[in-house]
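S.K.: A single structure is presented below for examination.
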Amino acid sequence: MNRLSLAERLLIGCARVIAGQERRHWLDALETELRHLPARRLDWALGSLVAAVKDRVGRDWPFGLAVGVLPGLAVAFTLVLSAVSFGGLKAVGLPMSLGYLAQAIAPLPFAFLLGRVRPRWPALCVGAAGFLAYQGLPVLAWRLTVGSGLWFFWGPALWPLGVPLPLVLPVWLAGAWWGATTARRAQRIKFSPPSP
């Protein structure tokens, strides 16, 4: 049995993190085989990492799709809500700061749905992933459609539309926590035995 080099340990460690606890026995077996190989050990370690990534993508494609779709819908909803709320506030004569509040809480239903997609994952990670996609998708869309040039469209929740960043991140985190909590509660109710 051979000792693992630093590169091999790093690759297997990354594979373990990516694969998650539910695949720990599989990664234990891959590491044991790696320790017994006489040659091309780095190739084996790299192949283990690639296999872990493929396995994770195969298991978690719904979450990846949700992270791509739900924040994009939140961007569109925020833009529509901004136009409607600011127009309505101006017509009624109410302060425009209420429109900024509407912009800040606009992603809440989408963060809630994202939390329901992965109720067992930490809401901090799920909400942060949604928030990063929410901030990054407009920039990516701008770069792909327009190319270089103005960067004024940096997410619907930042300064160009008046809502500071610290107001929107907690909305994504709270929405993901709320969605995950309701999904877990629904699962417990579904599987609880009937009372006598």
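The values are calculated or read from the model by the stated rules, or taken from the named source; none is laboratory data. All of these numbers come straight from a predicted model, not from anything done at the bench. No Cβ is skipped: glycine too gets one built from the backbone with ideal geometry, and neighbour counts run over all protein chains shown.
S.K.: Check off (1) touching a helix residue (DSSP H, G or I) at 6+ places or on another chain (Cβ under 9 Å); (2) more than 15 Å from residue 167 (Cα to Cα) for residue 93 and give me the number that stays unchecked.
M.R.: So residue 93 meets the others, but not (1).
S.K.: When you scan segment 120-141, do you find a residue that is in contact with a Phe, Trp or Tyr (Cβ under 9 Å, 6 or more places away or on another chain), more than 18 Å from residue 86 (Cβ to Cβ), at pLDDT 85 or above and charged (D, E, K, R), even just one?
M.R.: No, the conditions are met nowhere in segment 120-141.
S.K.: Would you call residue 60 of a type outside the set (Gly, Ala, Ser) and at pLDDT 90 or above?
M.R.: Here the answer is no, as residue 60 does not meet what is asked.
S.K.: Can you find a residue in segment 152-160 that is at pLDDT below 85 and in contact with a Ser or Thr (Cβ under 6 Å, 6 or more places away or on another chain)?
M.R.: The answer is yes; a qualifying residue exists.
S.K.: If you check every pair at least six apart or on different chains, which have Cβ atoms under 8 Å apart with a residue in segment 17-38 that is within 24 Å of residue 59 (Cα to Cα) first and a residue that is of a type in the set (Lys, Arg) and at pLDDT 90 or above second?
M.R.: Close Cβ pairs (under 8 Å, with a partner that is of a type in the set (Lys, Arg) and at pLDDT 90 or above) amount to 24/16; 27/16.
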